[in-house]
Amino acid sequence: MNITQRYRWLYKPAVFIIALLPLARLVAGAFGIAGISLGADPVNEILHECGKTALQLLLITLAVRPLVRLGRLHNLLRLRRMLGLFAAFYALLHFVTYAWLDQNLDFQAILADILKRPYITIGMAALLMLVPLAVTSTNGWMRRLGRRWQKLHYLIYPIAILGVWHFWWQVKADIREPLAYAAILAALLGYRVVVKARSVSATARGRSADPAP
């Protein structure tokens, strides 16, 4: 079995199953399967779990490129689209849980909440930016958008920043977990800044070394 077959028949199905495990736990807890419980406030547990899973998958998606560069694991790029789509999936579940189970689809109350609570405002902004990335993740959209596709998908950086910010602001006391996510994101973005700076510097040195025409 070559590397392409391993990714198609082993690694991708494994990532797919692993990414669905948080949802499976929530469904089991909602129906009391296998003794799993969602605690005294199941809606809050679902809301928190979906949001946290979306953020984790988003950071993992951002980590693919550094792992490819540092570990020369180029085939990891085959998993990046799936990871990003699962991040969008859980972010949408996070919002649906909030709108349906928490706010009972009272859209007037939802709008008031978005405008009143800053952490919900930035969370909604992140979701609205994430949707077009998920929609245009197909090869067809890549061909149609051409160079604009890459520019559009740079939105993943402000989305990740807003996602961490959203999580941080809703935590009332213990900020250790959002701080850990912020540190991971800072490392991932910092790595990209360093790589970009080195690339620009190398390009500048190459131009200066060219003989004059």
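Computed from the coordinates by the stated procedures, all read-outs in this text should not be read as laboratory data. What you see is a predicted model; the values in this text were computed from it and never measured. Reconstructed Cβ throughout: ideal geometry from the backbone, glycine too, with neighbour counts over all protein chains shown.
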request  = Please report how far the C-alpha centroid of region 102-178 lies from that of region 10-47, rounded to the nearest whole angstrom.
outcome  = 22 Å
inquiry  = Please compute the length gained on full extension between Asn75 and Ile36, using 0.36 nm multiplied by the number of residues separating them and subtracting their Cα-Cα distance.
reply    = 10.4 nm
inquiry  = Test of understanding: what is the full-extension gain from Ala187 to Ile175, defined as 0.36 nm times their sequence separation minus their Cα-Cα distance?
reply    = 2.5 nm
query = Relative to the present Cα-Cα distance, how much length would full extension add between Val131 and Trp168 at 0.36 nm per residue of separation?
reply = 11.1 nm
message = Charges on Cβ only, +1 for Lys and Arg, -1 for Asp and Glu, centred on the Cα centroid of the chain; of Leu62, Leu101, Leu47, which one is farthest towards the dipole's positive end?
response = Leu62
ask   = Rounded if a/c is under 1.5, else prolate if a/b beats b/c, else oblate: with a ≥ b ≥ c from the C-alpha gyration tensor eigenvalues square-rooted, which is region 1-159?
value = oblate
task = In debye, nearest 20, what is the charge dipole magnitude of the chain about its Cα centre with +1 on Lys and Arg Cβ and -1 on Asp and Glu Cβ, if you could check?
result = 1540 debye
remark   = The relative contact order of the chain, taking Cα pairs under 8 Å that sit 6 or more residues apart, comes to a percentage of 17 percent
